[in-house]
Amino acid sequence: MNINTNIQSFSSQSGIKVTQNGNSNQSIDKSKNSEAVNINIDSKTLDTLNLLSSLGEETFIKSYNNFISDDEKAIRNRLEEVYSKATKENKKFANPEQHIRDKYFSQASPYYIEGLSRMEREVAHRHESDYLKYGKLRNISAIDPNLKDLNSINGIVDSVEKRAFDRDMVNEQFQQLLNKYGISIPKDSNLKFTIEPYDYKVTVSGLDDKNLSSLIEDVLNTGDNSEELFRHIQYSRPTYLGTSEQFSEDKSMKYGIFHNVKELTGYDLRELENVDGKFLTKDGTDVIELLRIGVMNSKHISEEYKGVAFDSYSADLSEVAKKGFENIEDLNLSIDYKNGSFHDVGQSETYGVGKRDWIYELKASKTQTLGEAFKEYRKDIVYGENSQDIIKDALNLKEFSFKGIKSEADSLLEKYGSKDMELIKLLLMQKYLMGKEDSEANKEFYKLLKEWEESKTQE
């Protein structure tokens, strides 16, 4: 911004050039202002433009925000309460680790906990041991017996609740951006924001005040705000329950390969020549070869996935080249805005404030306790008379007997031999699916495994 005693002149990012003449009686060189577009603006707008003239690249809008559902919070709080209290008690024993193991696996212990399934015991033992060792739970299992009365986390419900949470956060972040530059949107105004997919430039429609529209565009086009809003629209797309008119497979493919090529090669597909279904640089190089080099040198793609990544990218690039870049619609994305909230366009699911009854109805239809959700894991497997036949059929065996399975490994191998691979598979299944969990069983298993390995070397 250039300032003298009489004239203030500056340009907004959208191309508005403003010149304000002061009230001084000094003469003004009109020739210096000949290129300016005279616009009547108020002092508040002038202040905003003043800020824009020295704008920082600050990003307010975030497409992804940290979300933890109420159900997940309840689970974490319950486990924290249970195992922090248990840890205090466990530390009173000379050997806390052994005490914890006795609680879950030693029926002779006076501290043994009755009424748990095998899996519940394993989960609770791991949770309690982790808390003792690390002061926190590293990996949480919903099968923990202390959680049976709490609501389970449904994947679909969790996903849509996260989208609603992100919408609330983006609404707040956008308001913070407006506040920074002193911009007010009149009540009940119906705005539409449209973002092109390559440079993420925003256009605003719906306002009679074109100066205000341009100011909003300018502030959104600072930092990564427009790109983050674009991604927010993407993430708000229905994935499970509905459809969207804004997206198509070809549009998404064109958008994706444009940015992959730009990131990995530095080239803009809009500027490349398409000859015989190939994108060529000015020196005639096929950009697909540059893409191959870019993928191989990328630090953001794991080595084991680089081949798969290149195959996928090259297939999309060839498809776009074949159809013609200009012949595929651009993934221009729009979102409406009114009274402090963004509202989705052209889709059956919407996350705008005041339009979320469908989320509450969905959650009510999917709600069940963790006890109900994992009831099959909360009971021990009972092997009936036909269990041997089931396993035998699964292994496609004609005849076999489990007789002698409780004998020492030596006698098992002596009786049946150790060169029958089907037998070995059966024995291993027996140990893990039907065997005991005590140390004696483990010893027997390792004996069996060792002798089997030794027998293999003698073949």
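Results, tabulated for the structure shown:
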| item | result |
| --- | --- |
| Sequence-separation-based contact order of segment 249-327, relative, with Cα cut under 8 Å and 6+ spacing, percent | 34 |
| Whole-number D in µm²/s for segment 208-263 (Stokes-Einstein; Kirkwood sum over Cα pairs; 10 °C, 1.306 mPa s) | 116 |
| Computed over segment 70-139: relative contact order in percent, which uses C-alpha pairs under 8 Å that are six or more apart | 30 |
| Label point distance in nm, Met296-Asp311, each placed 7 Å from Cα along Cα→Cβ | 1.8 |
| Kirkwood-type radius of segment 70-139, with distances r between different C-alpha atoms, in Å | 12.6 |
| Alpha-carbon centroid distance for the pair segment 144-174 / segment 276-346, whole angstrom | 32 |
| Of Lys73/Lys103; Lys91/Lys375; Lys192/Lys322; Lys85/Lys379; Lys148/Lys363, those spanning more than 30 Å from alpha-carbon to alpha-carbon | Lys91/Lys375; Lys192/Lys322 |
| Relative contact order (%) - segment 198-344, alpha-carbon pairs under 8 angstrom, separation at least six | 24 |
| Per-residue ³J(HN,Hα) for segment 66-76, Karplus 6.51 cos²θ - 1.76 cosθ + 1.60, θ = phi - 60°, Hz, x for Gly and Pro | 5, 10, 10, 5, 4, 5, 5, 4, 5, 5, 4 |
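Read the figures in this text as sums done on the coordinates, not as results from a lab. Quantities reported herein were computed from a predicted structural model and do not represent experimental measurements. With ideal geometry, Cβ positions are generated from the backbone for all residues, glycine too; neighbour counts draw on all protein chains shown.
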